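The values are calculated or read from the model by the stated rules, or taken from the named source; none is laboratory data. Just so it is clear, the structure is predicted and the values come from calculations on it, not from any experiment. Because the Cβ atoms are built from the backbone with ideal geometry, glycine has one as well, and the counts that use them run over all protein chains shown.
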Amino acid sequence: MRISSQEDMVVCGEAATEDEAIELAKQLCPDLVLIDLSLKKGSGIELVKRLRLIDATTKMLIVSTFPESLYAERILRAGALGYLNKQETNEKLIEAIRTVLHGDRYVSAETTQRLVTIALGKREVTDDPLAALTDRELEIFRLIGAGVSTSAIAEQLFLSTHTVDTHRENIKKKLCAKSGAELNRQAIQSMLENG
């Protein structure tokens, strides 16, 4: 509704899964793809990567409730041009869309400052242990926090259960969780705090 209210913008398609989005993007060749990090099947970050492989000129904007501090740099590295929190105003959404359509990056002032600091060779000091997780590990950690079982995570992300178990072990090590139960608790707590 926010987009359709603009005279020069039209929503040409909607998809719920990574594969549906890929097919629609191939068929419709949209000027911009809005992507939520949470998909019914697949991963928003993986979708960005796949769309980039199909057409390197595809402009993508992530609109999500997940913390920008954890995801903005990841999605920019994956190939999206911007990140906007879903709670932002209609004006900010339209501003972000227009910025990305123009071919420029769109992130918050805080993220811009952090990325400039990193680009200048200064190490970012963060006390957030989740920053050490890979994109895939963070996605699996988020799904654990949402109460999704290992087999359901495997199905949703198109992985084997063995691969998911391997990621769980790596996450446990990186987050210093002593057991699977402690990892589950940390994941649930993170979901409650960060959405």
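Hey, among Thr58, Thr65, Thr99, which residue is in contact (Cβ under 8 Å) with a residue 24 or more places away in the chain and over 12 Å from the mean Cα position of the chain (by Cα)?
Thr58
Condition first: of a type in the set (Asp, Glu) and either in a loop (DSSP other than H, G, I, E, B) or farther than 24 Å from Val48 by Cβ (or both). Now tell me which residues in the range 139-195 satisfy that. First the steps, then the outcome.
At the first step, the residues of the range 139-195 found to be of a type in the set (Asp, Glu) are 139, 155, 165, 169, 182, 193.
The answer is Asp165, Glu169, Glu182, Glu193.
Looking at Leu61, Leu37, Leu76, can you tell me which residue is surrounded by 14 or more Cβ atoms within 10 Å (Cβ to Cβ), modelled with pLDDT under 90, within 23 Å of Gln113 (Cβ to Cβ) and of a type in the set (A, V, I, L, M, F, W, C)? I'd like the intermediate steps shown before the answer.
Values: Leu61 fails: modelled with pLDDT under 90; Leu76 fails: modelled with pLDDT under 90.
Step by step, each of Leu61, Leu37, Leu76 is checked, and only Leu37 is surrounded by 14 or more Cβ atoms within 10 Å (Cβ to Cβ), modelled with pLDDT under 90, within 23 Å of Gln113 (Cβ to Cβ) and of a type in the set (A, V, I, L, M, F, W, C).
What helices (runs of 4 or more DSSP H) completely inside the range 2-89 contain at least 2 residues that are closer than 30 Å to Leu192 by Cβ, of a type in the set (Lys, Arg) and in the same structural domain as Ser108 (by TED's automatic domain parsing)? Explain how you work it out, then say what you get.
On the way: elements: 18-28, 44-54, 68-78.
Where helices (runs of 4 or more DSSP H) fall fully within the range 2-89 and carry at least 2 residues being closer than 30 Å to Leu192 by Cβ, of a type in the set (Lys, Arg) and in the same structural domain as Ser108 (by TED's automatic domain parsing), they are 68-78.
Would you please list the contacts, defined by Cβ atoms under 6 Å and residues six or more apart or on different chains, that run from a residue in the range 1-17 that is modelled with pLDDT under 90 to a residue that is in a loop (DSSP other than H, G, I, E, B)?
Close Cβ pairs satisfying both conditions: Ile3/Met9; Ile3/Val11; Ser4/Val11.
Report whether or not Arg105 is touching a Gly at 6+ places or on another chain (Cβ under 7 Å) and either surrounded by fewer than 22 Cβ atoms within 10 Å (Cβ to Cβ) or touching a residue at least 60 places away in the same chain (Cβ under 8 Å) (or both).
Details: touching a Gly at 6+ places or on another chain (Cβ under 7 Å): yes; either surrounded by fewer than 22 Cβ atoms within 10 Å (Cβ to Cβ) or touching a residue at least 60 places away in the same chain (Cβ under 8 Å) (or both): yes.
Against the criterion (touching a Gly at 6+ places or on another chain (Cβ under 7 Å) and either surrounded by fewer than 22 Cβ atoms within 10 Å (Cβ to Cβ) or touching a residue at least 60 places away in the same chain (Cβ under 8 Å) (or both)), Arg105 qualifies.
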